[in-house]
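The values are calculated or read from the model by the stated rules, or taken from the named source; none is laboratory data. Everything numeric here is computed off the predicted structure, so don't read it as measured data. As a convention, Cβ positions derive from the backbone with ideal geometry for all residues, glycine included, and neighbour counts pool all protein chains shown.
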Amino acid sequence: MKERIGRHTKFVECRESRGLGIGGGLAQRATISESGRDVVAVAMGPGKRHITKPVCEITYALREEGIDTSVIVINAGSGVPADAPDVSTGSIFGLDPIEVERIQQFKLVLIHLGNVRNHIIYKARLILRNVDLPAVIVCQAPVDFEDFARIGVKTRLVMPTKENVATKGKIVDIVTGVIRGVTCPQTKLDEIVSKVKRNLEGKKIPAASVIPSETQVFMGS
């Protein structure tokens, strides 16, 4: 049951340029729609393979629960980072300094990614290498904390050894099975809201330990 009943007004400082028709009218790349300073949802740049429809549904669900959620569309959101093993897509994923500065203003970052496992983990690593925030990953592919920790991403349940840490930020939760371009099921929206809320509220969640002789350690889910 929702916590609030009736109409509630929210002010959203909207995008810098016109919206793109595909993807529920989401803004084009290099734009931001701001609503408070709780959560920022990071969407990839729209294009043939980057229809970001679930992002608007996710942000609406979070705002409905009283969580101020802003959206930023990455300028170079297509492709993969230059240090990823399969840099054959033609385009390179990256962050502009202004994007890093904008994301860093929030309490938590929600990163919406796709269905290619390597793209997901390396894009998340690049973002969290530059942004020192707790992160919730939302994607389609079945990834877990170990996948991220294996390439040096700090996570809540699995940690790389000190010498292998490659990020400032940390992944605190993961939601899989959210398909790009398809209406997000209510069960997934509820899962996202639940995980975002518990991390914003600072509820105690078991942390990971590190065994120096290993690349990573899994503490269970």
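At a glance:
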| item | result |
| --- | --- |
| For Phe106: the one exception among (1) surrounded by fewer than 21 Cβ atoms within 10 Å (Cβ to Cβ); (2) over 14 Å from Ala76 (Cβ atoms) | (1) |
| Condition check for Val196: among the aliphatic types (A, V, I, L, M), under 24 Å from Asn75 (Cα atoms) and touching a residue at least 24 places away in the same chain (Cβ under 8 Å) | no |
| Residues being within 15 Å of the chain's Cα centre (by Cα) and of a type in the set (D, E, K, R) - total across segment 74-129 | 7 |
| Boolean, Lys188 is at pLDDT 90 or above, more than 14 Å from the chain's Cα centre (by Cα) and within 23 Å of Pro81 (Cβ to Cβ) | no |
| Any chance Lys195 is modelled with pLDDT of 95 or more, in contact with an Asp or Glu (Cβ under 9 Å, 6 or more places away or on another chain) and among the basic types (Lys, Arg) | yes |
| Residue pairs meeting the criteria (Cβ under 6 Å; at least 6 apart or on separate chains; first closer than 17 Å to Val131 by Cβ, in segment 149-161; second hydroxyl-bearing (Ser, Thr, Tyr) and in a loop (DSSP other than H, G, I, E, B)) | Val153/Thr167; Lys154/Thr167 |
| Checklist (1) more than 27 Å from Arg198 (Cβ to Cβ); (2) at pLDDT 95 or above; (3) of a type outside the set (Phe, Trp, Tyr) applied to Asn75, failing item | (2) |
| Members of segment 167-176 found to be surrounded by fewer than 19 Cβ atoms within 10 Å (Cβ to Cβ) and over 14 Å from the mean Cα position of the chain (by Cα), listed by number | Lys168 |
| Contacts under 6 angstrom Cβ, first residue in segment 164-179 being farther than 12 Å from Phe148 by Cβ, partner crowded, with 16+ Cβ neighbours inside 10 Å and of a type in the set (Val, Ile, Thr), 6 or more apart | Val175/Val138; Val175/Ile192; Val178/Val138 |
